[in-house]
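Step one of this worksheet: look at the structure below.
A short reminder: the numbers here are calculations on the coordinates, not readings from a lab. Computed from a prediction, not measured in an experiment: that's the story for all the values here. Glycine also receives a Cβ, built like all others from the backbone with ideal geometry; neighbour counts cover every protein chain displayed.
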Amino acid sequence: ETGVTQSPTHLIKTRGQQVTLRCSSQSGHNTVSWYQQALGQGPQFIFQYYREEENGRGNFPPRFSGLQFPNYSSELNVNALELDDSALYLCASSTDRSSYEQYFGPGTRLTVT
Amino acid sequence: DQQVKQNSPSLSVQEGRISILNCDYTNSMFDYFLWYKKYPAEGPTFLISISSIKDKNEDGRFTVFLNKSAKHLSLHIVPSQPGDSAVYFCAASAYPTGGGNKLTFGTGTQLKVEL
């Protein structure tokens, strides 16, 4: 059984640029959630996708957007990057949108300069 | 507003002894609680969980206790092993009411198990 995978591992971008992060969910999981983890903090919920539709959103501006594909993989897009967007971005999958337990990927480390 | 709090940034324990990690929450709507372990350069790994209808859940060396009246939970690791050295996150969730099942995390406790 393949776990949650994310790409790329690391990324360096310049302020104002756009970035796309990718996630493949664990086999059998149809729900994907994205989290941002700043240094020294716990992960913060960005949004969740269930069957290709957004199914909940945290306190993040609209320049954070996402997609989920028919195979349940997902993308996180961030436009107009700001220095404060530098963080570890974590993707988590779960068996269903009402499942409490979420399984995380290794994350993508984004640095904005 | 920090709804889930882990007030101890770090904890050091000797191998073989008990490790106790604590977590407090403020949102009375939370009805499910989870503990995750995180090694450097890896994503959080699910460890153990507990529903609000229980006060204890045990899995091998790991036991989670929930005190709803105090809005407090703790993770006990017995016996502690060097491989347990990691950052431990407490997370909480409220039953989804159409808004997605999000986890609210604490800031983590760095556990170091010494030989």
Chain B - percent relative contact order, Cα under 8 Å, separation 6 or more: 37 percent
Given 16 as the ceiling on other Cβ atoms within 10 Å, longest exposed-site-free region of chain A for trypsin sites (Lys or Arg not before Pro) in DSSP loops: A:64-113
Global form of the protein assembly as shown, assessed from the alpha-carbon gyration tensor, a/c cut-off 1.5: prolate
Relative contact order for chain A, counting Cα pairs under 8 Å that sit 6 or more residues apart, in percent: 37 percent
Above-threshold pairs, the threshold being 22 Å between Cα atoms, out of B:Lys38/B:Lys71; B:Lys38/B:Lys112; A:Lys13/B:Lys102; B:Lys5/B:Lys68; A:Lys13/B:Lys38; B:Lys71/B:Lys102: B:Lys38/B:Lys71; A:Lys13/B:Lys102; A:Lys13/B:Lys38
Cα Rg, Dmax (largest Cα-Cα span) when computed across segment A:1-86, Å: 13.0, 39
DSSP-defined beta bridges in the protein assembly as shown - what % are antiparallel, rounded to 5: 90 percent
10 Å Cβ neighbours from other chains, averaged over peptide A:94-102: 5
Cα centroid of segment B:31-100 to Cα centroid of segment A:11-50, whole Å: 22 Å
In sequence order, calculated HN-Hα J values of segment B:103-109 (Karplus, 6.51, -1.76, 1.60; Hz; x Gly/Pro): 9, 9, 9, x, 8, x, 10
Of B:Gly16, B:Gly83, B:Gly60, the one that fluctuates the most in a GNM where chain B has Cα springs shorter than 10 Å: B:Gly60
Fraction of beta bridges assigned by DSSP in chain B that are antiparallel (%, nearest 5): 90 percent
Karplus-derived 3J(HN,Hα), 6.51/-1.76/1.60, for each residue of segment B:32-40, Hz, glycine and proline x: 8, 10, 9, 10, 10, 10, 9, 8, x
